[in-house]
Amino acid sequence: MKDIKRELKSMNFSADQLETGFMLLDLAQKFAAEIEPMAGRFDQEGIRCENGQIILPSGMDEIIQKLGESGILGTFIPEQYGGGGMPYTFYAVTIEIIAAACPCIAVAMAVHGTAIDSIVELGAPEARQKYLPKLARGEMLGAIAFTEPNAGSDVGNCKMAADLDGDHYLLNGVKQFITNGGKADIYIVLAATDRAKGKKGLSAFVVERKAPGFGIGKVEEKLGIHASPTTELVLENCLVPKENLLGMPGKGLSYVLRGLTGGRIEIAAQAVGIAKAAYQKALKYSQERVQFDQPISNFQAIQFKLADMVVGITAARKMYLGAAYLKDQGEDFLLASSMAKLFASEMAKQVADEALQIHGGYGYIREYGVERHYRDARITTIYEGTSEIQRVIISREILARD
Ligand SMILES: Cc1cc2nc3c(=O)[nH]c(=O)nc-3n(C[C@H](O)[C@H](O)[C@H](O)COP(=O)(O)OP(=O)(O)OC[C@H]3O[C@@H](n4cnc5c(N)ncnc54)[C@H](O)[C@@H]3O)c2cc1C
């Protein structure tokens, strides 16, 4: 935590922002300490679906509720809508802190943050009034629903239809792999309002879980982040009020890509949190495990792994903080966010792998908990744009600029 605060102090935040921000981070740290002993159980229990209801591991709903009551979930929502009115950067740091304890709660926070960001930036006044205060207090949870069976990296190949019918749009189609699916109260959904125009006929909406015609389909079983629901959304004549259209019709794809640019900072923060947890376990284990009559931390092969881990974590944190700061300043953060996401997620994958290696055979055994980080880290190079897609964005940006 000292490292993070030092980093934030070196940025150009006001004294008031730092004071309030540090209080939020201390609070997040307290939550992390409470969550950490339960994270292994959350992973083993996973999620269940009963009568179309998603059931989280016991204790998890209460934590999310407490995060809402604490104000953390509304960190960067403007004060006029009941939020903390704080820079987005502080929200990203709370995600890192929580991710070190439980990446499933952290990714719930990440997609909640991306949904909030879309409504703050693009929501009609009615939608802002209706949703932001509840999202700020955690009385509502947010999610983003862009991916479809044939629209993954190519998110613009979206087939979900949105047809205007009087005061409402009727949405029809399927989204898949949706984080917080069935748990979130509102979803930012991409759908085609003008199918003839292809990518230029896509629009973004706020869709409520309780809307008529909203359902969840398949609940995915996964390699890691077992306590994070990943589901299909099945919309059948799903009724969405006209005022839930975000921004302008036909601009949905650019809004979604913009939303993902912010979301990548949050996933980078999540990746740093996962890596930090894996590193801390490896450091401790290396000092306790004796082979050849000495702690294995005496061996240079192990020391160098630890050194590389710290370098990676420190660099990745600087990168996501830098991207978040640009976003807070209203500057272009596309390149910074893709670089942070690419670097942090690949780093987390490697750090978790080396942390497991330092544990030797014990690393492969569930009881020691380090294999969970290895499984959980793996998703960070995939969602919110794969590493390949980040390289596509980075190369396109640098070639256009230089
Ligand atoms: C656990 C989980 C949670 C998720 N949560 C959400 C969510 O909340 N909301 C949501 O909308 N989506 C979510 N997703 C979807 C996720 O964002 C997509 O899976 C991801 O963007 C990749 O899409 P895809 O799976 O269709 O892979 P594809 O796009 O089919 O990619 C397959 C492979 O081809 C590569 N590839 C594709 N295009 C190119 C290219 N142009 N150049 C180079 N390589 C390329 C990819 O990098 C990848 O290696 C989630 C996915 C998972 C697994």
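The values are calculated or read from the model by the stated rules, or taken from the named source; none is laboratory data. The structure presented is a predicted model; accordingly, all values stated were derived computationally and were not measured. Cβ sites come from the backbone with ideal geometry, for glycine too, and all protein chains shown count toward neighbours.
Is the stretch 194-208 home to any residue that is more than 16 Å from the ligand (Cβ to nearest atom) and either part of a strand (DSSP E or B) or surrounded by 20 or more Cβ atoms within 10 Å (Cβ to Cβ) (or both)? Looking through the stretch 194-208, at least one residue is more than 16 Å from the ligand (Cβ to nearest atom) and either part of a strand (DSSP E or B) or surrounded by 20 or more Cβ atoms within 10 Å (Cβ to Cβ) (or both). Residue under question is residue 283, and the condition is that it be more than 30 Å from residue 192 (Cα to Cα), of a type in the set (A, V, I, L, M) and in a helix (DSSP H, G or I); does it hold? Judged against the criteria, residue 283 is a match. The lone criterion from (1) within 15 Å of residue 189 (Cβ to Cβ); (2) in a helix (DSSP H, G or I); (3) within 15 Å of the ligand (Cβ to nearest atom) left unmet by residue 131 is number (3).
Can you report the number of residues in the stretch 339-379 which are within 13 Å of the ligand (Cβ to nearest atom) and either over 19 Å from residue 40 (Cα atoms) or at pLDDT below 95 (or both)? Give the derivation first.
Looking only at the stretch 339-379, we keep the residues that are within 13 Å of the ligand (Cβ to nearest atom), and these are 341-342, 345-346, 375-379.
From what is left, the residues that are either over 19 Å from residue 40 (Cα atoms) or at pLDDT below 95 (or both) are 341-342, 345-346.
Within the stretch 339-379, residues that are within 13 Å of the ligand (Cβ to nearest atom) and either over 19 Å from residue 40 (Cα atoms) or at pLDDT below 95 (or both) number 4.
For every residue, the table says whether it meets (1) assigned to a helix (DSSP H, G or I); (2) within 20 Å of the chain's Cα centre (by Cα); (3) not hydrophobic (A, V, I, L, M, F, W, C).
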{"position": "17", "(1), (2), (3)": "yes, no, yes"}
{"position": "20", "(1), (2), (3)": "yes, no, yes"}
{"position": "23", "(1), (2), (3)": "yes, no, no"}
{"position": "27", "(1), (2), (3)": "yes, yes, no"}
{"position": "31", "(1), (2), (3)": "yes, yes, no"}
{"position": "35", "(1), (2), (3)": "yes, yes, no"}
{"position": "44", "(1), (2), (3)": "yes, no, yes"}
{"position": "54", "(1), (2), (3)": "no, yes, no"}
{"position": "57", "(1), (2), (3)": "no, yes, yes"}
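Counting just the residues of the stretch 181-193 that are touching a residue at least 60 places away in the same chain (Cβ under 8 Å) and outside any strand (DSSP E or B), which one comes out nearest to the ligand (Cβ to nearest atom)? Walk me through it before giving the result.
Pass one, the stretch 181-193, residues touching a residue at least 60 places away in the same chain (Cβ under 8 Å): 181-184, 186-188, 190-191.
Retained after the next criterion (residues that are outside any strand (DSSP E or B)): 181-184.
Numbers: 181: 7, 182: 12, 183: 11, 184: 9 Å.
Taking the candidates together, the pick is 181.
Test of understanding: among 236, 208, which residue is among the acidic types (Asp, Glu) and in contact with an Asp or Glu (Cβ under 9 Å, 6 or more places away or on another chain)? Before the answer, list the steps.
On the way: 236 fails: in contact with an Asp or Glu (Cβ under 9 Å, 6 or more places away or on another chain).
Just one listed residue meets the conditions, 208.
Of all residues in the stretch 114-129, at least one satisfies being outside the structural domain of residue 340 (by TED's automatic domain parsing), within 12 Å of the chain's Cα centre (by Cα) and touching a residue at least 60 places away in the same chain (Cβ under 8 Å).
For the stretch 166-180, residues that are over 22 Å from residue 122 (Cβ atoms) and either within 13 Å of the ligand (Cβ to nearest atom) or assigned to a strand (DSSP E or B) (or both) total 4. Selection of the stretch 233-247 for residues being more than 11 Å from the ligand (Cβ to nearest atom) and either assigned by TED's automatic domain parsing to the domain that holds residue 115 or touching a Gly at 6+ places or on another chain (Cβ under 8 Å) (or both) yields 234, 235, 236, 237, 238, 239, 246. For the stretch 149-156, the criterion of a residue being at pLDDT 95 or above and away from the ligand (no atom under 12 Å from the Cβ) is satisfied by no position.
Looking for something more than 21 Å from the chain's Cα centre (by Cα) and not in a helix (DSSP H, G or I) - is there at least one such residue anywhere in the stretch 342-363?
First, pick out the residues of the stretch 342-363 that are more than 21 Å from the chain's Cα centre (by Cα): 353-363.
This time we only want the ones that are not in a helix (DSSP H, G or I), so: 359.
Within the stretch 342-363, one or more residues are more than 21 Å from the chain's Cα centre (by Cα) and not in a helix (DSSP H, G or I).
Taken over the stretch 183-193, the criterion of being under 26 Å from residue 55 (Cα atoms) and surrounded by fewer than 24 Cβ atoms within 10 Å (Cβ to Cβ) is satisfied by 183, 185.
For residue 159, state whether it is more than 22 Å from residue 260 (Cβ to Cβ) and either of a type outside the set (A, V, I, L, M) or touching a Cys at 6+ places or on another chain (Cβ under 8 Å) (or both). Explain how you work it out, then say what you get.
On the way: more than 22 Å from residue 260 (Cβ to Cβ): no; either of a type outside the set (A, V, I, L, M) or touching a Cys at 6+ places or on another chain (Cβ under 8 Å) (or both): yes.
So residue 159 does not fit the description; no.
Go through the stretch 380-402 and give me each residue that's touching a residue at least 60 places away in the same chain (Cβ under 8 Å), in a helix (DSSP H, G or I) and closer than 15 Å to residue 260 by Cβ. Across the stretch 380-402, the qualifying residues are 380, 388, 389, 390, 397.
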